[in-house]
Amino acid sequence: MRPIGVFDSGVGGLTVVKELIRQLPNEDIVYFGDTARVPYGIKSKETVIRFSIENILFLLKHDVKFICIACNTVSSYALPEIKNHFKVPIVGVISPGAREAVYATQNKRIGVIGTKGTIKSRAYELEIKQLDPKVKVTAVACPLFVPFVEEGWLSGEVVSTVAKEYLQPLKDAKVDTVILGCTHYPLLKPVIKRVMGKDVKLIDSAKQVAIEVNKILASENLLNKKGRGRTDFFVSDNPEWFSNLAGRFLGRPTKNVKKVNNV
Ligand code: DGL
């Protein structure tokens with residue numbers, strides 16, 4: 001059976017792989033992390049589109065049956081521009097996350113947090129407004145969250161202080177639902193929850209996209225019903241760095257991370 005292709009700017013997309021393995025344990029996965037060019041969150045739309053096309057062409061060499069874009073910045077900037085140029089079905093994280101948030105909100109006030117690129121693109125906001133024009137969206141970029149997670153600073157005074165500063169506009173707007181619109185943010189759930197309050201719902205875009213992949217594969221008769229499901233990891237630089245961080249995102253160590261020269 002052909003594998004599912006997943007790509008991200010780096011290691012963060014493993015939050016999506018973790019959910020895919022949990023929800024689709026029989027599927028083989030080929031993961032590509034563009035560690036040579038991470039971060040994407042501060043790059044221009046044109047650059048993110050160019051990198052994304054190259055990443056997709058790499059995955060297609062592995063005969064993937066389906067592509068899941070784990071990166072929120074790529075899903076925001078590139079997916080609408082590129083998805084019709086490839087035969088293989090491609091899904092990103094924006095629609096599934098937006099849909100779940102619209103479903104979850106009671107007071108029709110949704111907060112979105114993400115990289116500068118994701119917030120600048122207004123992708124979540126536009127998707128939410130399409131689903132329900134009455135929803136008020138408050139969107140804030142939280143650029144320091146990515147390095148915090150990569151450095152393993154998931155709690156403590158510094159992270160709490162920064163989170164309070166970033167999330168204040170969401171509290172002022174009285175949102176009852178927050179989309180964690182970046183691959184890394186699920187790891188900061190406890191601190192975000194503490195700042196926002198226990199009644200505010202946090203939407204994990206990684207979890208939602210895995211549900212979507214499952215549905216699409218089932219509807220297109222592409223589900224792998226047997227097999228043990230293996231994941232192959234490819235990166236464009238620093239396989240050791242990737243392996244060291246991978247455990248934190250995936251909840252288990254990764255072996256055999258291969259460096260490729262596709263960029
Ligand atoms: N993967 C990116 C995202 O979800 C975060 C890291 C980066 O800026 O490349 O937007």
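The values are calculated or read from the model by the stated rules, or taken from the named source; none is laboratory data. Bear in mind the structure is a predicted one, so any value in this text is a computation, not a measurement. Glycine also receives a Cβ, built like all others from the backbone with ideal geometry; neighbour counts cover every protein chain displayed.
Below is a table of values for the structure above.
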read-out: Conditions (1) under 26 Å from LEU250 (Cβ atoms); (2) among the aliphatic types (A, V, I, L, M); (3) more than 16 Å from the ligand (Cβ to nearest atom): number failed by ILE192; value: (3)
read-out: Every residue from region 177-189 that is within 10 Å of the ligand (Cβ to nearest atom) and not polar (S, T, N, Q); value: LEU180, GLY181, CYS182, HIS184, TYR185
read-out: Criterion (among the small types (Gly, Ala, Ser) and under 12 Å from the mean Cα position of the chain (by Cα)) met by exactly one of GLY10, GLY5; value: GLY10
read-out: Residues of region 82-94 classified as away from the ligand (no atom under 11 Å from the Cβ), within 17 Å of ASP8 (Cα to Cα) and either buried (at least 24 other Cβ atoms within 10 Å of the Cβ) or not β-branched (Val, Ile, Thr) (or both), total; value: 2
read-out: Qualifying positions in region 98-121 - within 16 Å of the ligand (Cβ to nearest atom), in contact (Cβ under 8 Å) with a residue 40 or more places away in the chain and farther than 30 Å from GLY247 by Cα; value: SER121
read-out: Tally of residues being among the polar types (S, T, N, Q) and either touching a Gly at 6+ places or on another chain (Cβ under 6 Å) or assigned to a strand (DSSP E or B) (or both) across region 211-263; value: 1
read-out: Spans of helices (runs of 4 or more DSSP H) in region 87-168 with at least 1 residues polar (S, T, N, Q); value: 94-104, 116-121, 123-131
read-out: Check on ILE216, of a type in the set (Val, Ile, Thr), over 21 Å from GLY33 (Cβ atoms) and in contact with a helix residue (DSSP H, G or I) (Cβ under 8 Å, 6 or more places away or on another chain); value: no
read-out: Test: residue in region 207-218 that is free of Cβ contacts under 8 Å to residues at least 40 places away in the same chain, away from the ligand (no atom under 16 Å from the Cβ) and of a type outside the set (Phe, Trp, Tyr); value: yes
read-out: Scan of region 80-139 for residues that are more than 28 Å from LEU57 (Cβ to Cβ) and touching a Ser or Thr at 6+ places or on another chain (Cβ under 6 Å), ordered by number; value: ALA101, ALA104, THR105, ILE110, GLY111
read-out: Qualifying positions in region 74-89 - over 14 Å from the mean Cα position of the chain (by Cα), within 21 Å of ASN214 (Cα to Cα) and β-branched (Val, Ile, Thr); value: VAL88
read-out: Filtered residues of region 68-81 (kept if outside any helix (DSSP H, G or I) and either away from the ligand (no atom under 16 Å from the Cβ) or touching a helix residue (DSSP H, G or I) at 6+ places or on another chain (Cβ under 6 Å) (or both)); value: CYS68, ILE69, ALA70, ALA78
read-out: Hits in region 159-174 - residues which are more than 16 Å from the ligand (Cβ to nearest atom) and either small (Gly, Ala, Ser) or touching a helix residue (DSSP H, G or I) at 6+ places or on another chain (Cβ under 8 Å) (or both); value: VAL159, SER160, VAL162, ALA163, LYS164, LEU167, LEU170, LYS171, ALA173
read-out: Selected residue [away from the ligand (no atom under 14 Å from the Cβ), at pLDDT 95 or above, within 20 Å of ASP204 (Cβ to Cβ) and not polar (S, T, N, Q)] from LEU57, LEU14, LEU20; value: LEU20
read-out: Residue in region 221-233 that is in contact (Cβ under 8 Å) with a residue 60 or more places away in the chain, in contact with a Lys or Arg (Cβ under 7 Å, 6 or more places away or on another chain), over 29 Å from THR35 (Cα atoms) and of a type outside the set (Phe, Trp, Tyr) present; value: yes
